[in-house]
Amino acid sequence: MRTERNASLKPYNTFGLDVTAERLYHLESEMDLVEYLDDPRGYAQHALLLGGGSNMLLAGNIKGSVARVAWTGRRVVEEGDGFVVVEAAAGENWHRFVQWTVDQGWGGLQNLSLIPGLVGTAPVQNVGAYGVETKDSLHALRWMRWEDGEIEEFSNADCGFGYRESVFKGALRDQGVILSVQFKLTTKDHALLTHYGSVAEELAAAGREPSLRSIADAVIAIRQSKLPNPAELGNSGSFFKNPTVSAEWAANLAAAHPSLPQYPQPDGRVKLAAGWLIEQTGWKGKRVGNAGMHAKQALVLVNYGGATANELVAVAHQVQHDVQAAFGVALEMEVNLIGAAPSA
Ligand code: EPU
């Protein structure tokens with residue numbers, strides 16, 4: 001098992017924050033995970049499970065052990081009439097896995113192209129984009145409990161999925177690790193969703209008919225045009241969730257702000273576009289020192305280079321404050337704050 005002492009985590013978090021881990025364990029197989037569990041300086045001093053580092057803001061140096069999910073592998077589990085079940089190890093890069101499924105002619109994940117992170121972290125927050133969520137094609141997953149090393153199989157229903165939510169973020173938070181994930185994908189009669197966002201326009205502009213590949217390419221093009229590449233500008237995608245408010249409050253807001261995008265939910269509440277709210281408060285493209293909100297997508301908090309966690313969190317808190325003051329809407333962070341909470 002590969003381990004490092006006082007390792008910089010800069011390459012392993014998409015905000016590019018240069019914090020250190022007292023000990024970093026690169027878990028490159030499930031056997032490494034078992035060794036980590038048994039090592040007296042490993043899980044016994046566990047501080048953080050690190051996936052793709054694309055949904056966390058590391059607030060300071062980490063004492064103890066950091067376990068990096070780095071085991072990989074893919075296989076076909078089952079082929080049936082019109083479907084295939086594929087399994088990928090938790091450490092597989094999400095985008096490369098999705099592109100592989102598209103290249104095989106398997107449908108279900110194409111709208112989730114170019115999302116940063118790993119296969120094993122996608123179910124944790126049920127990542128979603130362009131009208132599709134991980135839960136829509138997730139078949140089952142294997143999860144190991146830290147306490148006793150027992151492995152359990154979860155069906156889709158067991159995962160408790162919701163908007164950017166799952167049981168792994170809720171009741172089972174920090175209690176175990178996802179080992180591998182199975183997806184049930186279509187081999188014919190694919191559901192080709194193009195109605196969300198600008199996917200249909202992107203296809204029309206490219207002169208292409210909807211297909212798994214053309215949709216994946218359109219999503220990639222849209223994301224590249226709006227979202228900063230973490231390799232160039234540190235960020236974690238959407239920093240806040242799109243907030244949900246009561247129907248009454250949504251109606252008040254609609255009267256005052258007719259152009260505010262509203263998405264009615266099945267339970268009668270209404271989801272609002274956080275990016276729009278943030279833009280209206282003047283934060284789109286606004287920068288305080290090295291931190292700020294992205295110029296092309298106001299929902300994305302950006303490290304313009306050398307920002308500290310404190311600077312990033314200060315901007316996030318100010319944005320929450322301004323949106324609350326202007327619209328009476330509370331923005332909840334989608335990204336996890338890890339370590340000492342910096343001052344507001
Ligand atoms: N908008 C603005 N100003 C902005 C940004 C957005 O007015 O600066 C408006 C847009 O014009 C549009 C609406 O807000 O009417 C929604 O914008 P967009 O389609 O860009 O999507 P989003 O709601 O901001 C969500 C996900 C993204 C996902 C996109 C596309 C959340 C928190 N975010 O963003 O997911 O890629 O939809 O499906 O649900 C992520 O979670 O990290 C992420 C990038």
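The values are calculated or read from the model by the stated rules, or taken from the named source; none is laboratory data. Quick caveat, the model's predicted, so the values are computed rather than measured. When we count neighbours, we look across all protein chains shown, and the Cβ atoms used for this are built from the backbone with ideal geometry, even at glycine. Remember, those area values only see protein heavy atoms, side chains included, never the ligands or the DNA or RNA. Shrake-Rupley method; radii C 1.70, N 1.55, O 1.52, S 1.80 Å.
Site pair LYS296 and ASP38 shows an inter-label distance of 4.9 nm when each label is modelled 7 Å from Cα along Cα→Cβ.
In this structure the amide hydrogen of ASN303, modeled in the peptide plane, comes within under 5 Å of the amide hydrogens of GLY234, ASN235, none closer than 5 places in sequence on its chain. Under 5 Å between amide hydrogens, built in the peptide plane, is the criterion, and for LEU337 it picks out LEU57 among residues at least 5 positions away or on other chains. In a shell of Cβ-Cβ distance under 12 Å around PRO243, excluding PRO243 itself, what net charge do Lys and Arg (+1) and Asp and Glu (-1) give? Cβ neighbours under 12 Å give a net charge of +2. Give the distance, in whole Å, between the Cα centre of the range 153-194 and the Cα centre of the range 62-132. Each part's Cα centre sits 10 Å from the other's.
In the range 234-338, the portion of solvent-accessible area held by carbon and sulfur atoms comes to 52 percent [1.4 Å probe, whole percent, DNA, RNA and ligands not counted].
Amide H to amide H, with H built 1.01 Å from N, PHE83 comes under 5 Å of THR187, counting only residues 5 or more places away or on other chains.
What the range 234-338 shows is 43 Å² of accessible area per residue, with the surface traced by a 1.4 Å probe over protein heavy atoms. Phi angles of the range 98-109 translate, via the Karplus equation with coefficients 6.51, -1.76, 1.60 and θ = phi - 60°, into HN-Hα couplings of 4, 5, 5, 5, 5, 5, 6, x, 9, x, x, 10 Hz per residue; Gly and Pro are given as x. The distance separating the Cα centre of the range 265-285 from that of the range 243-263 comes to 9 Å. Each residue, ARG2 and HIS321, gets one label point 7 Å from its Cα in the Cβ direction; the gap between the two is 4.3 nm. The phi torsions of the range 80-95, fed into the Karplus equation with coefficients 6.51, -1.76 and 1.60 and a -60° offset, translate into couplings of x, 6, x, 8, 9, 10, 10, 10, 10, 6, 4, x, 5, 5, 4, 4 Hz, rounded to whole numbers, with Gly and Pro shown as x.
Accessible area per residue for the range 74-201, computed on protein heavy atoms with a 1.4 Å probe, is 42 Å². Solvent-accessible area assigned to carbon and sulfur over the range 74-201 amounts to 46 percent, based on a 1.4 Å probe. Remark: the range 271-285, residue by residue, has Karplus-estimated 3J(HN,Hα) of 8, 10, 7, 4, x, 5, 4, 5, 4, 5, 7, x, 8, 5, x Hz, where x stands for each Gly or Pro and the curve is 6.51 cos²θ - 1.76 cosθ + 1.60 at θ = phi - 60°.
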